[in-house]
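K.L.:
Below you will find the structure I want to go over with you.
Please treat every number below as a calculation from the coordinates, not as lab data. None of these values were measured; they are calculated from a predicted model. Don't worry about glycine lacking a Cβ; one is built from the backbone with ideal geometry, like all the others, and counts go over all protein chains shown.
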Amino acid sequence: MTTGKPALNVAPESKWTKSSYSGAEGNACVEAAVLTSAVGVRDSKDKQGPALVFPSSSWNTFVTSLRENEL
């Protein structure tokens, strides 16, 4: 995982997406950007702030664990 890199240096604005499960109020959301071999994650309230970048395999394990209620 890499941290602290400005989100717009990780991926252009057009690559960032918010989950369809996020509420309309938009005050507690993260956005993800699918990259070549990684996934960037940023706070939707701070679009130019820092991003976390995870290897795709780690992100997929995390999402699968959430879906299977393991976390």
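K.L.:
Go through segment 9-18 residue by residue and turn each phi into a ³J(HN,Hα) via Karplus (6.51, -1.76, 1.60, θ = phi - 60°); whole Hz please, and just put x for glycine and proline.
P.N.:
Here the 3J(HN,Hα) series is 8, 7, 7, x, 3, 5, 8, 7, 9, 9 Hz.
K.L.:
Just in the chain: which GluC sites (Glu not before Pro) are loop by DSSP and have at most 10 other Cβ atoms within 10 Å?
P.N.:
Passing both the DSSP loop test and the Cβ count: E25, E68, E70.
K.L.:
Which longest run of the chain has no exposed loop site in it, a site being trypsin sites (Lys or Arg not before Pro) in a DSSP loop with at most 16 other beta carbons within 10 Å, and the site itself not part of the run?
P.N.:
1-44
K.L.:
Nearest 500 deg cm²/dmol is fine: what mean residue ellipticity at 222 nm does the chain get from its DSSP H runs of n ≥ 4 alone, each adding -39,500 (n - 2.57), divided by its residue count?
P.N.:
About -6000 deg cm²/dmol.
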